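> Please find one structure pasted underneath; my questions will follow.
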Amino acid sequence: MYTLSSKLKLFSIILMVVGLLGLIYGFIAAPDSIEDVKEIVASHGEHGEEHVPLTGQAEDELEDDATGFDFVPSEHEITTERTDEQEHGMIEAGEEDHEAEHLEHLLHQLQNKPWAALYVSAFFFFMIALG
C-alpha cells in the first residue's frame, strides 16, 4: 500500500491554506460600489487602449453583411430636426448613460471574479476525482 510522507502531507496542507487565504482575499478585495470601480479604472490608465480597429478581411465581411438590407424607419423612429444645442445635450446624456452602464457592468464582473475562481478550481478537482 502506498503511504504519503509527512513532508508531502505538510506541503499539501500549506498549499491548501495559501489557496484558501487567496480566495478569502479575492472576496475581500472585490469592489463594493461603482466609486470603487472608477478608482480601479483610473488606476489602470486609459480604458479602451486594448480595442483594435477592424482591418482587412473582417472589415470586408462587415460591409458584405450590411449590403442587401434596406433600412426603412417606422413611424416611431422618424424624429424631427433638432438644434445643435439639443443635439449636443443629447450626446452628452447618452455618453453619461453609456459610461454608467459600463461601470455597472465592470462592477458585476469584478464581484463575480472570486466566484469564477472558486468554480474553476472546484471543476478542476472534480474532474481529477472523476478521472
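> As a test of reading the structure, rank Met127, Met16, Met1 by solvent-accessible area (1.4 Å probe, protein chains only), most first.
Values: Met127 80, Met16 125, Met1 220 Å².
Order by accessible area, largest first: Met1, Met16, Met127.
> Keeping all protein chains in position, work out how much accessible area His102 exposes to a 1.4 Å probe, and write it in Å² to the nearest 10.
70 Å²
> Tally Lys and Arg at +1 and Asp and Glu at -1 over the other residues with C-beta under 15 Å from the C-beta of Glu35: what net charge comes out?
Numbers: positive: Lys38; negative: Asp32, Asp36, Glu39, Glu99, Glu104.
With Lys, Arg at +1 and Asp, Glu at -1, the neighbours total -4.
> Accessible area of Ile128, 1.4 Å probe, to the nearest 10 Å²?
Rounded to the nearest 10, the figure is 100 Å².
The values are calculated or read from the model by the stated rules, or taken from the named source; none is laboratory data. Computed from a prediction, not measured in an experiment: that's the story for all the values here. FYI the Cβ positions are ideal-geometry reconstructions off the backbone, even for glycines, and counts take in every protein chain you see. Each accessible area value is taken on the protein alone, full model and side chains, heavy atoms only, with ligands, DNA and RNA left out. Shrake-Rupley method; radii C 1.70, N 1.55, O 1.52, S 1.80 Å.
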